[in-house]
1. Using a probe radius of 1.4 Å on heavy atoms only, what accessible surface per residue do you get for region B:87-192? Whole Å² is fine.
2. Find the all-direction average of the projected area of the Cα convex hull for region A:87-192, expressing the result in square nanometres with one decimal place.
3. Suppose you put the label 7 Å out from Cα in the Cβ direction; list, shortest first and in nm with one decimal, how far A:K125 is from each other copy's label.
4. Under a plain spin-label model, where a point goes 7 Å from the Cα along Cα-to-Cβ, how far apart in nm are A:I59 and B:A129?
5. With the full set of protein chains in place, find how many percent of the accessible area of region B:58-106 is carbon and sulfur; take the probe as 1.4 Å.
6. How many percent of DSSP beta bridges within chain B run antiparallel, rounded to 5?
7. Given the convex hull over the Cα atoms of chain B, what projected area results after averaging over all orientations, in nm²?
8. Can you list the residues of region B:78-96 whose accessible area drops by at least 20 Å² going from the chain on its own to the full set of protein chains, with a 1.4 Å probe?
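The values are calculated or read from the model by the stated rules, or taken from the named source; none is laboratory data. Only a predicted model underlies this, so the values are computations on that prediction, with no experimental measurement involved. Backbone-built Cβ (ideal geometry, glycine too); neighbour counts: all protein chains shown. These accessible areas exclude ligands, DNA and RNA; they are computed on the full protein's heavy atoms, side chains included. Shrake-Rupley method; radii C 1.70, N 1.55, O 1.52, S 1.80 Å.
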Protein chains: 2
Amino acid sequence: MTIKLYCFGESGNAYKAALALELSGLAWEPVKVDFFGGETLKPEYRTTINDMGEAPVMIDGDVRLTQSGVIQDYVSEKSGKFGGKDATERREILRWVLWDNHKLSSMAGMTRFLINFMPVEKQPKEVIAFNQARLAVNYELLNNHLAGRNWIVSDGITNADLSCCGYLYYPEPFGFDRSAYPNIDAWLTRLSQTQGWKAPYDLMPGSPADRA
Amino acid sequence: MTIKLYCFGESGNAYKAALALELSGLAWEPVKVDFFGGETLKPEYRTTINDMGEAPVMIDGDVRLTQSGVIQDYVSEKSGKFGGKDATERREILRWVLWDNHKLSSMAGMTRFLINFMPVEKQPKEVIAFNQARLAVNYELLNNHLAGRNWIVSDGITNADLSCCGYLYYPEPFGFDRSAYPNIDAWLTRLSQTQGWKAPYDLMPGSPADRA
């Protein structure tokens, strides 16, 4: 049975799940969520798809999962990939996935949204500047961690990489300058050169171009 | 061997780990981190305790873990408690722990810090108001989820409960009004009436009173 992923191109959180599915080799297909048309706010979406009102949502037969980190965990269990070699690696992967949810993707996603998907006159400038200052600390932390390493945790790609990269390939500006963080830059290049890798708007339906 | 937890009373993230340890029945002791004296910013802390510069950090013999969700996962593995009865519950717990890291504790912790631990003249008012508006949506979501339930995931306490409650027992005001969310209020009362439960400043060393 083909796994379905409810997603949309602009969502870096959906991208984390889509990229894990794509690189795992499991059979999957995207189902477009019309986020910008308000689909995730509608009662039907909340009651039948996801009570948290978020994308992505993965459906595999009777299994329905939300939160990208949970979907990645399921993909690892089913495919045997990206979950680490032993308990130590598994915990270290979870550590980076939680850090990403708390400090990197959450802040980057919100900041990118405020700058690119809100009318300029409504953008909360103080919030954007505050977020960007916090993000700079976290880019630096990841950049330092990647010194002398190919991947965040193990000797190959894990869910730590597939989580932390979630918002970092998007073309819309939100204050992240790859060239200022050479170890992050090299890591993103390395990951994007992996067989099967696709950029967010090539992997999932929906992009700003559709709404231009 | 007694497990050591590097922590400080004001940290809701440390509280999540401390409460899991305390209720699990494992032998543990706190080691006070002098966060307000700048200890987590020092190079020694970064190189010898935690390269992410955060608390809590758990040390159990050769195992050193950071991120409260990882420590909770370890406590569950070691004690057999709070981790769920099967794969479905395990994934649902992880879902709420990730949601909490992304949307609840991260925003509540930051907002409480800005309001209570920064000089009034330096507080970013627009950031605080923005965070509080986002938090209101998430309190509402948790309150709705708890309708007709005793616990977030299972028929007993799990790490989902021990994560989401992280900042909600603190006495310092940050815009969370228990009485406005009756299901959250009842759930917090239920948890606090569990044998062995302690409030943050009773469970960990350090509190605002020390610095008054």
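1. Using a 1.4 Å probe on heavy atoms only, each residue of region B:87-192 averages 37 Å².
2. 6.5
3. Label point to label point, same position, other copies: 1.6 nm.
4. With each label point 7 Å from Cα toward Cβ, the separation is 4.1 nm.
5. 47
6. Of the beta bridges lying entirely in chain B, close to 60 percent run antiparallel.
7. 12.0
8. B:R90, B:R91, B:L94, B:R95
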